[in-house]
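Working notes, beginning with the structure itself.
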Amino acid sequence: MRGAFITLEGTEGVGKTTCLEFVRDTLAAADIPAVVTREPGGTALGEIIRDWILKGNHGRLSAETETLLMFAARAFHLDEVIRPALDAGHWVICDRFSDATVAYQGGGRRADKGWIQSLRAAVHADLEPDLTLLLDAPVEVGLNRIRTREPDHFERENRDFFARVRAAYLELARDEPHRIKVIDATPSLPEIESRISGHMAAFLGVFSR
Ligand code: T5A
């Protein structure tokens, strides 16, 4: 039986990477080792694409080019890391996946969402996350948490851009409530972890190994 595919999503600084560690520890406590990876990234090619995009030393990068680069990195990531791990029965936890493209390039950059969904179908019609934890907070909360670091290509965007990203994420969650669990990311970390624990317990109950 293939392993479970879990993704974490949300706008900048909401705590995905912090919570990912907690998800990994929760699985480890249940004796389920997991492969942890991220997007864009997770492979040598993906990390090059990530580095190139996030550094932002490019000229005008259109929403469409950005989208295609995300899916190029994703297609390779699926072939090299995600599908082999799942097929071998391992669980995979991924920091962002295709929902991020719908939210950032579709919502934030206003690339055509129908086109993005067709790319999604072309690249991984056979595979969607089994569980997505969407950390949600007002844009200012996340941006405040990361305000002391040097902003990357996306973090240089304005508040309206992130409001559109957040709205697109919440729309996805409304469309797929069984897969996408929205977690209020504004309270303290222990409170958020307790909510994640609840979702993980329910998920572990239905996803038999
Ligand atoms: N992207 C990605 C696209 O545009 N399209 C795509 O298809 C994909 C896959 C990737 C960028 O690429 C874009 C989106 C992104 O802009 P990234 O590093 O994955 O970059 O994403 P970021 O959002 O930039 O990651 P961040 O590190 O900024 O945010 P996280 O992971 O959400 O936040 P985290 O865990 O690092 O926490 C940030 C700070 O907040 C503190 C932490 O200790 C840390 O200092 N914190 C809290 N503080 C108080 N209370 C809490 N509850 C806290 N939780 C965390």
Q: Quote the charge dipole size of the chain about the Cα centre in Debye, to the nearest 20; the model charges only the Cβ of Lys and Arg (+1) and of Asp and Glu (-1).
A: 260 debye
Q | For the stretch 41-163, accessible area per residue (1.4 Å probe, heavy atoms of protein chains only), Å² | A | 45 Å²
Q: Work out the charge dipole of the chain with +1 on the Cβ of Lys and Arg and -1 on the Cβ of Asp and Glu about the Cα centre, then indicate which of Val206, Gly41, Thr11 is farthest towards its positive end.
A: Thr11
Q.
Kirkwood Rh and Cα-based Rg: tell me the resulting Rg over Rh for the chain, rounded to two decimals.
A. 0.94
Q. So which residue, out of Val35, Val92, Val139, gets the largest mean-square fluctuation from a GNM of the chain using Cα contacts under 10 Å as springs?
A. Val35
Q. Which distance in nm do the two modelled labels at Ile32 and Arg159 give, with both placed 7 Å along the Cα-to-Cβ direction?
A. 4.0 nm
Q | Net charge, Leu170 excluded, C-beta distance under 13 Å - Lys, Arg +1, Asp, Glu -1 | A | -3
Q) At a probe radius of 1.4 Å, what is the per-residue accessible area of Glu47, in Å² to the nearest 10? A) 60 Å²
(Q) Run the simple label-point estimate for Thr148 and Ala125 please: 7 Å along Cα→C-beta, distance reported in nm. (A) 4.9 nm
Q: May I ask you to give the percent of accessible area on the chain that is carbon plus sulfur, with a probe radius of 1.4 Å?
A: 53 percent
Q.
Could you sort Glu193, Glu12, Glu80 by their accessible area in this structure, using a 1.4 Å probe and putting the largest first?
A. Glu80, Glu193, Glu12
Q: Would you mind telling me which residue in Thr37, Thr67, Thr148 has the biggest mean-square fluctuation in a Gaussian network model of the chain, where springs connect alpha carbons within a distance under 10 angstrom?
A: Thr148
Q: Would you calculate, for the chain, the mean residue ellipticity at 222 nm contributed by helices, counting each DSSP H stretch of 4 or more residues as -39,500 (n - 2.57) and dividing by all residues, to the nearest 500?
A: -15000 deg cm²/dmol
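The values are calculated or read from the model by the stated rules, or taken from the named source; none is laboratory data. The model shown is predicted, which means the values in this text are computed figures rather than measured ones. Please note: Cβ atoms are built from the backbone with ideal geometry, for glycine as well, and neighbour counts cover all protein chains shown. Surface areas here come from the heavy atoms of the whole protein model, side chains and all, with no ligands, DNA or RNA. Shrake-Rupley method; radii C 1.70, N 1.55, O 1.52, S 1.80 Å.
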